[in-house]
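Trainee: First, the structure itself, so that you have it in front of you.
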Amino acid sequence: MFIINCPYCGKREQSEFKAGGEAHIVRPKQPTELSDDQWAEYLFMRKNIKGIQFERWVHTHGCRKWFNVVRDTSNDVIKAVYKMGEKPPTK
Amino acid sequence: MTKNKYSLFSLIKHAFSYHENWEKAWKDPEPKKEYEVIIIGGGGHGLATAYYLAKKHDIKNIAVVEKGWIGGGNTGRNTTIIRSNYLWDASAGLYDHALKIWEGLSQELNYNVMFSQRGVMNLAHNLQDVRDLKRRTHANRLNGIDAIYLNTEQVKKFCPIINTSPDIRYPVLGGTLQRRAGTARHDAVAWGYARCADKMGVDIIQNCEVKGIKRNGDSVEGIETTKGFIKTKKIGVVAAGHSSVIANMAGLKLPLESKPLQALVSEPVKPIIDTVVMSNAVHAYVSQSDKGELVIGAGTDDYVSYSQKGSHDIVEGTLNAILELYPIFSRMKMLRQWGGIVDICPDASPIISKTSIKGLYFNCGWGTGGFKATPGSGDLFAHTIANDEPHKLNAAFNINRFVSGDLVDEHGAAAVAH
């Protein structure tokens with residue numbers, strides 16, 4: 001269990017949130033033209049990183065807004081939080 | 001193997017020397033320069049794979065490399081439930097294959113894995129549960145798997161401590177029972193396979209972390225480890241929660257997410273529950289170990305983590321459900337809680353498969369239910385590695401199903417919530 005700093009509500013317990021998986025997976029612009037391999041890549045394949053991971057969370061029991069989190073998955077330490085549409089931090 | 005067979009005779013013989021001269025169950029070798037096959041991951045599945053490769057496929061030059069100690073990962077962290085009452089044909093074939101091996105495993109390994117067919121009961125708490133469980137019972141029977149449906153009175157009769165009152169939040173409306181199902185001793189499974197594999201010449205190399213996979217174009221050449229480079233043409237990866245980490249080393253992406261799964265045990269008490277009861281809807285699994293501890297399985301967290309711990313609210317939710325179903329446990333104290341990292345596929349079914357890289361095989365994605373499959377998984381993975389093609393029982397569990405769309409969707413169908 002850890003604390004997440006919601007960009008809209010501030011620091012709240014992780015149990016108020018729901019994890020939405022890997023961030024920055026872009027929906028294909030031309031879905032009808034994708035090959036099966038490309039669909040598999042988009043739908044199923046995940047980096048599943050041990051270390052710094054960029055991911056989406058939603059404040060289900062709060063403002064219900066989606067945002068991005070940079071978290072170290074080896075120890076659950078959160079490095080940064082940023083809103084949807086913002087560029088991910090480089091450091 | 002007969003020379004060092006465990007028996008009543010050897011027990012008496014060693015009693016005269018105060019049990020101080022038992023030979024080591026397995027050696028502690030340094031890695032050789034080259035192996036025919038290297039298994040990455042010394043858990044139950046990895047050790048079983050090595051054992052069946054040596055026993056059934058006559059490959060003797062095998063190494064199992066393990067980052068920590070054997071059986072120290074998910075093999076030592078699960079709730080030891082064994083069952084095969086899966087809905088889909090492919091899963092039923094896979095898990096019942098494993099269950100059939102379990103039934104003779106102690107004799108085969110000359111090692112008591114304490115397999116106890118005490119039955120597994122799955123509860124229904126709403127109308128949809130009832131329909132799903134009845135459907136699964138029929139599907140199981142069509143696949144030759146024993147399954148019966150129980151009404152509320154029969155559930156109460158089979159496990160009298162369950163609260164079947166109609167006015168609890170999630171009343172018990174019925175359940176299914178697989179009598180051949182049960183539990184086994186998790187450590188003994190790893191140790192039994194390790195001992196037999198070692199006897200057949202398999203090198204079990206502990207404290208040896210894989211740092212890289214060396215590729216030559218589309219095939220593998222060996223592994224970089226903390227104990228140096230080891231050459232091989234075939235690598236079988238059985239790294240559970242760390243499968244994606246190994247895959248990344250080979251430049252491969254897998255459809256997996258690794259999440260914490262928690263379990264806990266209570267203080268030991270006298271025998272109170274002689275079966276395994278699982279409840280999908282409220283997510284409460286409970287059985288009692290031979291030591292007398294209640295063994296309780298909680299759910300997974302919904303975020304990716306390799307931290308081997310989970311969130312407290314998951315445990316709290318599970319214990320809430322346990323207390324409502326078993327009011328008798330209300331004053332029990334919990335002794336230990338822990339987490340393991342489980343690798344979950346989008347369809348909640350495993351991958352036992354070749355990959356696009358020649359000589360690289362993956363056995364992963366077992367998610368929350370890998371222990372029950374240990375012997376079958378090892379057997380089928382050994383077959384896949386030895387023949388460079390799957391056995392008919394694991395053909396459906398290939399990695400290409402995520403491209404073709406031919407998934408084995410056990411999410412919600414497998415009698416547990418994943």
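Trainee: Considering only region B:187-238, state which residues are surrounded by fewer than 24 Cβ atoms within 10 Å (Cβ to Cβ), out of contact with any strand residue (DSSP E or B) (no Cβ under 6 Å at 6 or more places or on another chain) and of a type in the set (G, A, S).
Mentor: Across region B:187-238, the qualifying residues are B:A188, B:G201, B:G217, B:G228.
Trainee: Only one of (1) among the small types (G, A, S); (2) surrounded by fewer than 24 Cβ atoms within 10 Å (Cβ to Cβ); (3) at pLDDT below 95 fails for B:G310. Which number is that?
Mentor: (2)
Trainee: Additional query: Looking at (1) surrounded by 16 or more Cβ atoms within 10 Å (Cβ to Cβ); (2) touching a helix residue (DSSP H, G or I) at 6+ places or on another chain (Cβ under 8 Å); (3) in a strand (DSSP E or B), which is the only condition B:G241 fails?
Mentor: Every condition holds for B:G241 apart from (3).
Trainee: I've got another one for you. Please state which one of B:D343, B:D313 is within 14 Å of chain A (Cβ to nearest Cβ) and without any contact (Cβ under 8 Å) to a residue 40 or more places away in the chain. So that I can check it myself, show each step before the final result.
Mentor: Working: B:D343 fails: without any contact (Cβ under 8 Å) to a residue 40 or more places away in the chain.
Criteria check complete, one pass: B:D313.
Trainee: Let me ask something else about it. What residue, of B:I272, B:I322, is more than 14 Å from every other protein chain (Cβ to nearest Cβ) and in a helix (DSSP H, G or I)?
Mentor: On the way: B:I272 fails: in a helix (DSSP H, G or I).
Answer to the check: B:I322.
Trainee: Of all residues in region A:47-77, which are of a type outside the set (S, T, N, Q) and touching a helix residue (DSSP H, G or I) at 6+ places or on another chain (Cβ under 7 Å)?
Mentor: Listed by number, the residues that qualify are A:K50, A:H59, A:H61, A:G62.
Trainee: On to the next question. Within region B:253-262, can one find any residue that is under 30 Å from B:A181 (Cα atoms), over 18 Å from the mean Cα position of the chain (by Cα), of a type in the set (K, R) and within 14 Å of another protein chain (Cβ to nearest Cβ)?
Mentor: no
Trainee: Can I ask one more? Of all residues in region A:50-77 being more than 8 Å from every other protein chain (Cβ to nearest Cβ) and of a type in the set (G, A, S), which is nearest to A:Q14 (Cα to Cα)?
Mentor: So, considering only residues that are more than 8 Å from every other protein chain (Cβ to nearest Cβ) and of a type in the set (G, A, S), the one nearest to A:Q14 (Cα to Cα) is A:G62.
Trainee: Between a residue in region B:85-111 that is on the phi > 0 side of the Ramachandran plot and any residue that is surrounded by fewer than 21 Cβ atoms within 10 Å (Cβ to Cβ) and not in a helix (DSSP H, G or I), which pairs come within a Cβ distance under 6 Å, given they are 6 or more apart or on different chains?
Mentor: Hits for this filter: B:N110/B:K5; B:N110/B:Y6.
Trainee: Can you find a residue that is more than 30 Å from B:I38 (Cα to Cα) and in contact with a His (Cβ under 7 Å, 6 or more places away or on another chain) anywhere in region B:340-358? Can you show your working first?
Mentor: In the first step, residues of region B:340-358 are kept if they are more than 30 Å from B:I38 (Cα to Cα); the result is none.
No; the residues of region B:340-358 include none that is more than 30 Å from B:I38 (Cα to Cα) and in contact with a His (Cβ under 7 Å, 6 or more places away or on another chain).
Trainee: Being modelled with pLDDT under 95, away from chain A (no Cβ under 14 Å) and either over 21 Å from B:V245 (Cβ atoms) or surrounded by fewer than 18 Cβ atoms within 10 Å (Cβ to Cβ) (or both) is true for just one of B:A415, B:A382. Which residue is that? Break it down into steps so the answer makes sense when it comes.
Mentor: Details: B:A382 fails: modelled with pLDDT under 95.
Unique residue meeting the criteria: B:A415.
Trainee: Among what's in region B:106-127 and is over 20 Å from the mean Cα position of the chain (by Cα) and closer than 23 Å to B:I272 by Cα, pick the residue that is surrounded by the fewest Cβ atoms within 10 Å (Cβ to Cβ).
Mentor: So, considering only residues that are over 20 Å from the mean Cα position of the chain (by Cα) and closer than 23 Å to B:I272 by Cα, the one surrounded by the fewest Cβ atoms within 10 Å (Cβ to Cβ) is B:H125.
Trainee: Would you please name the residue that is farthest from B:P327 (Cα to Cα), looking only at residues in region B:153-172 that are surrounded by fewer than 19 Cβ atoms within 10 Å (Cβ to Cβ) and aliphatic (A, V, I, L, M)?
Mentor: For region B:153-172, the residue satisfying everything is B:I168.
Trainee: In the set B:G367, B:G376, B:G359, which member is buried (at least 24 other Cβ atoms within 10 Å of the Cβ), in contact (Cβ under 8 Å) with a residue 40 or more places away in the chain and out of contact with any helix residue (DSSP H, G or I) (no Cβ under 6 Å at 6 or more places or on another chain)? Show your work before the answer.
Mentor: Numbers: B:G376 fails: out of contact with any helix residue (DSSP H, G or I) (no Cβ under 6 Å at 6 or more places or on another chain); B:G359 fails: buried (at least 24 other Cβ atoms within 10 Å of the Cβ).
Answer to the check: B:G367.
Trainee: Could you grab me the full set of residues in region B:3-46 that are modelled with pLDDT of 95 or more, within 28 Å of B:K372 (Cα to Cα) and of a type in the set (A, V, I, L, M)?
Mentor: If the condition is that a residue be modelled with pLDDT of 95 or more, within 28 Å of B:K372 (Cα to Cα) and of a type in the set (A, V, I, L, M), then B:V37, B:I38, B:I39, B:I40 are the ones that fit.
Trainee: For residues that are assigned to a loop (DSSP other than H, G, I, E, B) and in contact (Cβ under 8 Å) with a residue 12 or more places away in the chain, scanning just region A:12-39, find the one that is nearest to the other protein chains (Cβ to nearest Cβ). Steps first, answer last, please.
Mentor: Of region A:12-39, the ones assigned to a loop (DSSP other than H, G, I, E, B) are A:17, A:23-30, A:34-35.
This time we only want the ones that are in contact (Cβ under 8 Å) with a residue 12 or more places away in the chain, so: A:17, A:23-25, A:27-28.
Values: A:F17: 9, A:A23: 11, A:H24: 15, A:I25: 12, A:R27: 17, A:P28: 15 Å.
Among those residues, the one meeting the criterion is A:F17.
Trainee: Quick one: which strands (runs of 3 or more DSSP E) lie wholly within region A:40-86 and hold at least 2 residues that are at pLDDT 95 or above and over 12 Å from the mean Cα position of the chain (by Cα)? It would help to see each step written out before you state the result.
Mentor: On the way: elements: A:52-58, A:66-72, A:77-83.
Hits in region A:40-86: A:77-83.
The values are calculated or read from the model by the stated rules, or taken from the named source; none is laboratory data. Because the structure is predicted, anything quoted here is derived from the model rather than measured. Virtual Cβ from ideal backbone geometry, glycine too; neighbours counted across all protein chains shown.
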